[in-house]
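Just so it is clear, none of the values below were taken in a lab; they were calculated from the coordinates. Since the structure is predicted, the reported quantities are computational estimates derived from the model, not experimental observations. Please note: Cβ atoms are built from the backbone with ideal geometry, for glycine as well, and neighbour counts cover all protein chains shown.
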Amino acid sequence: MKKTLALLLALCMAIAVFGCAAQTTEPAAEEETTTQPEAAVVDAAAEAPAEDVTITFCNFNASGGQEETLQAMYDAFHEQYPNITVEIETIGYSDYFTQMQTRVAGGTAPDCYELNIENFAAYSAKGVLAEITGVDTSGINQTALSAFNVDGVQYGLPGCFSNVVLIYNKDLFDQAGVDYPTNDWTWDDAQAAAEAIRALGDDYFGIFAPITYNEFFKVAAQFGGSILNDDKTAFTVNSPECVAAAKMMVERVTVSNVQPTTEQQGGMGDWDWFMSGKLGMIPTGIWAFNTFAENCDFNWDIVVEPGMTQKATHFFSNAYVVNAESENAQAAMTWINFLASSPEAAQLRIDAGWDLPAITDESVLATYLDLGLPANRQAVFDSLNYLTIPPIIEENSLMSDIITSHLEEAASGAVSVEQAMDDCQAELEATIQLG
Amino acid sequence: MTRKKNAPLRSMRDLMRASPFLLPSVVGLAVFSLMPIVLSLLISLTDWNGLDKLAVSGFFADHFIGLQNYKEILSGGEFWRVLGNTGYFIVLYLPLLLICSLGIAWLLSKSYRGVGVFRVLYYIPVLTSWIAGALIFRWVLSSKFGIVNNILEIFGIQGPAWLQSEQWAMPSIVLASVWKDMGFYGLILLSGLQGIDKNYYEAASIDGAGAWKRFWRITLPLLTPSLFFVLVVSLINAFQLFPQVMIMTDGGPNGATQVMVERIYKYGFRYYEMGYAAAFSWLLFIIIFAFTRLQLSAQKRWVHYGS
């Protein structure tokens, strides 16, 4: 009796192991049977399919507070398209790309998902994305749309956009007796103000612009240079304009010290510095507004980022893409088009203080101006006139890591800026094949 | 059944009877350990980017590049530099770990009131996740606001910039790692200490041996089996240094803390070069295997088994 019982228990355990494995493949099997009839209708009709369809959607942008907004967008969508059900999955940014990469490689990627600009190039180059056709994209901002268009093929729809502005501490400016920044400022004006604020005391710093790849390509554009040449066949990081840009960024730390060195930072991040009230200016993303509004107990405002020979401002956008292997591609495209361009979704996005929808409808966008601090929200829209899209190549992460590491070396004082940029150029040429 | 207890299996019948009980573990081992190991070896011979679908037939034929990944890794400077960083970590970490673990084991081997509480306290760091531990250490080691430098200031010492300084970044990681691991190895050495027969000490003190002599001549030799285990396991783990580097320094500053597994992760999941990363990890395996083999053969020279 005991032996039989023991045997049964062992068999149960073995079945449990197999059972767990079987469960994960079931949903895939289900989808296949319900979507066989859809296989033919991939891009022709502009209407959603009439039969009931369930699609899977994965994103990271909603994590950390906006899950309800996304759910509200889905409810609005489902009212218009009751036959399309979307299973929404929200994953935190830090884990998102590792697991998405694994899912795509394993063939279990969702029907549609979100990508940022950095990873979009790699995914589109590997042929895992479907071309987006059969949906009306006229309501979408054309600059944003073009960022996800590769060689004439539209692979993604921009779900949102955000940009970078100069945020400044009005109280510190008053203390130092300096006029507030205006949209006409250049970095020379900003440097003078930074030095005045730095002089207020040992603990005060004038500006904090991180010395990383993300800042560098933008500042290079402000000096009239760029990381790649026009047809993206060669690197140009050691051109005079790029070197001048790097020099300005680095010398803030090493020469005039209006920006703290890593040791002076003491482990505090740039936002922490600004919120502590000891930092005069910080060029950072508009997604900082809510955090600063909650935590800053001093007066602050924003202005378009200063330029040098010209202005150039960051443009960040996340794209919604469709899995090339999806059997519900048309339904997926309808859903992401709704997310990206419908007035309902756009209004929900703005009202929640999330980020900006990449739409052309000015009246909807205008409600963004009434959301509260900062006062000069108009600067966010003014910045759109000077947009610079990051240079996108397949090996984006490798390029950005190499450039950041050389900039860091220059900022630590270990090598001269010219030497660092020459080394950077050499390493980029040796490691990455372009065009 | 008339077999003696613990006698080896004598027939296929015994094996058949045992198999249902072995099945769950064997299946788990095969699917989650053996299969990935074999696959990773195959992947290391390809130029797979980690994104293309793997299970497509003809994949291996399309992407096979032979030993090219290995050649690239060994001929580039990065592999050796990163190996050097890992070696630097090991050289600092192992001695400190052994001393601290031995110290803890010795402290906890006495029986006094509250020794049980201390055993728990020293083991708690082992149980915490590295994410939590590393975040806390990042704050503790902050050059301006961390308590380490604040305490040093009381004594008039200007503390270094710890995680932000090229010279002190790796030592900082060593300190954090020793804090986390010494409870685990301490417990192992503790059980080794408790296995030493008290009679030896009695006999020695009767013969007039002092505390130091007793430690050197009795405790250490009889502790060598446990020490050997600690050395082998901690070396294997030290080569695979990863979570604390990712969270505390992310390989910086200026690449001072870039180590083997950190590179493997970046190549596999950030630069989309999975084949390269797989080759890297197999080279790491060969290195760890070689060191372990060396230790196992050196065993005979310094480890005393038997009562």
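Under 20 Å of direct C-alpha separation, and excluding same-chain neighbours fewer than eight residues apart, residue B:198 reaches these lysines: B:110, B:213. Counting, for every residue in B:266-274, the Cβ atoms of other protein chains within 10 Å of its Cβ and taking the mean gives 5.
Taking only alpha carbon atoms, the protein assembly as shown gives an Rg to Rh ratio of 1.02, where Rh is the Kirkwood radius.
Summarising the strand pairing of the protein assembly as shown, around 65 percent of its internal DSSP beta bridges are antiparallel.
Is the C-alpha gyration tensor of the stretch B:6-134 telling us rounded, prolate or oblate? Criteria: a/c under 1.5 is rounded; beyond that, a/b larger than b/c is prolate, otherwise oblate. Verdict is oblate for the stretch B:6-134. Summarising the label geometry, the points placed 7 Å from Cα in the beta-carbon direction at residue A:427 and residue A:137 lie 3.6 nm from one another.
Using the Cβ-Cβ distance between residue B:287 and residue A:276 with R0 set to 35 Å, the FRET efficiency works out to roughly 0.15. Within 10 Å of the Cβ of each residue in A:51-58, the mean number of Cβ atoms contributed by other protein chains is 0.
Ellipticity at 222 nm from helices only: DSSP H runs of n ≥ 4 in chain B, each -39500 (n - 2.57), divided by the residue count, give -22000 deg cm²/dmol. Roughly what % of Cα-Cα distances in the stretch A:77-182 sit above 21 Å, to the whole percent? Beyond 21 Å sits 55 percent of the P(r) for the stretch A:77-182. Based on C-alpha pairs under 8 angstrom that are at least 6 apart in sequence, chain B has a relative contact order of 27 percent.
Checking the Cα-Cα distances for A:247/B:144; A:170/A:311; A:247/B:266 against a 25 Å cut-off, the pairs over it are A:247/B:144; A:247/B:266.
With no solvent and one point on each alpha carbon, what is the Debye value of log10 I(q)/I(0) for the stretch B:69-302 at q = 0.09, 0.14 Å⁻¹? Here log10 of I(q) over I(0) equals -0.48, -1.01. Taking all Cα pairs closer than 8 Å and separated by 6 or more residues, the relative contact order of chain A comes to 25 percent.
For chain A, the 222 nm mean residue ellipticity estimated from helices alone, with every DSSP H stretch of n ≥ 4 adding -39500 (n - 2.57) and the total spread over all residues, rounds to -14000 deg cm²/dmol.
Given R0 = 51 Å, the distance between the Cβ atoms of residue A:78 and residue B:213 translates into a calculated FRET efficiency of 0.05. Oblate is the label for the stretch A:396-435, because the ratio a/c of its alpha-carbon gyration tensor axes (a ≥ b ≥ c) is 1.5 or higher and a/b is not greater than b/c.
In this structure the amide hydrogen of residue A:284, modeled in the peptide plane, comes within under 5 Å of the amide hydrogens of A:165, A:167, none closer than 5 places in sequence on its chain. Annotation: aspartates and glutamates with alpha-carbon distance below 18 angstrom to residue A:278 (same-chain offsets under eight excluded): A:171, A:174, A:179, A:195, A:202, A:203, A:263, A:270, A:294, A:297, A:301. Per-residue packing, averaged as other Cβ atoms within 10 Å, sorts the ranges B:168-175, A:108-115 into the order A:108-115, B:168-175, beginning with the highest. Residues of the stretch B:224-258 falling in the label zone of residue B:304, defined by backbone nitrogen less than 19 Å from a point 7 Å along Cα to beta-carbon, are B:224-231. Reported to the nearest whole Å, the Cα centre-to-centre distance from the stretch A:190-257 to the stretch B:67-95 is 34.
Given a Förster distance of 25 Å, report the FRET efficiency between residue A:325 and residue B:47 from their Cβ-Cβ distance, rounded to the nearest 0.05. FRET efficiency, residue A:325 to residue B:47: 0.70.
Across all directions, the average projected area of the convex hull around the alpha carbons of chain A is 27.0 nm². Placing a label point 7 Å from the Cα of residue A:175 along the Cα-to-Cβ direction, the residues of the stretch A:184-201 with a backbone N closer than 15 Å are A:194-201. Decide, for the stretch B:232-299, between rounded, prolate and oblate: order the square roots of the alpha carbon gyration tensor eigenvalues as a ≥ b ≥ c, take rounded if a/c falls under 1.5, and otherwise choose prolate if a/b is larger than b/c, else oblate. Oblate shape, in that a/c is at least 1.5 and b/c is the bigger or equal ratio. In this structure the amide hydrogen of residue A:56, modeled in the peptide plane, comes within under 5 Å of the amide hydrogens of A:87, A:111, A:112, none closer than 5 places in sequence on its chain. Scanning chain B for DSSP H helices at least 20 Å long along the axis (C-alpha atoms) with a Kyte-Doolittle mean no lower than 1.0 picks out B:77-109, B:169-194, B:220-239.
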